[in-house]
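These notes are about the structure you will find just below.
No lab work stands behind these numbers, since they all come straight from the coordinates. Here the structure is a predicted model, which means the values were calculated and not measured. No Cβ is skipped: glycine too gets one built from the backbone with ideal geometry, and neighbour counts run over all protein chains shown.
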Amino acid sequence: MKDIDIHNGLPEQELRDFFSQELVKYWISEIHNKKKLVRFDDTDPIQWAIEDAEAQVEFHQKRVEILKNRHAIVRLIKERGWQEFDVSDHVLNLYAMEMKMNFIGTETEYNNLIKKLENE
């Protein structure tokens with residue numbers, strides 16, 4: 001089964017897919033959010049310190065934005081009584097993203113999906 005098919009036939013399938021894809025997007029964004037390395041300049045160490053501090057601020061501002069967005073998605077999932085389940089060992093990655101989509105749903109729905117995958 002492909003990761004984009006894990007929510008097929010469930011209520012609010014499109015919303016579950018959206019939540020799962022957004023979580024992947026924010027995880028990947030966080031992984032790729034790196035602090036810019038500022039080369040040390042011993043002729044002007046104060047200017048270097050300023051540029052290094054600015055790079056740290058930029059990194060943390062982006063990190064806060066990513067975390068707030070991820071937190072919002074997680075809250076919306078929980079408000080529906082759903083959870084996020086890792087099914088990466090059971091599904092193919094259709095989008096060739098760095099990560100596979102997770103299953104979004106109830107524990108019962110997750111257990112039913114796993115049974116279905118094991119029978120395929």
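Which of the pairs Lys2/Lys62; Lys34/Lys100; Lys25/Lys116; Lys34/Lys78 have their Cα atoms more than 25 Å apart in this structure? Exceeds cut-off: Lys2/Lys62; Lys25/Lys116; Lys34/Lys78. The distance between label points at Asn69 and Glu120 comes to 2.9 nm (points 7 Å beyond Cα on the Cα→Cβ vector). With contributions of -39500 (n - 2.57) from each DSSP H run of at least four residues, the per-residue ellipticity at 222 nm computed over the chain stands at -20000 deg cm²/dmol.
Place +1 on the Cβ of every Lys and Arg and -1 on the Cβ of every Asp and Glu in the chain, take the dipole about the Cα centre, and give the residue among Val87, Phe40, Tyr26 whose Cα lies farthest towards its positive end. About the Cα centre, the residue reaching furthest to the positive side is Val87. Listed options for Rg and Dmax of the Cα atoms in Å are (i) 19.9, 58; (ii) 19.8, 68; (iii) 17.6, 51. The value calculated from this structure is the one marked (ii).
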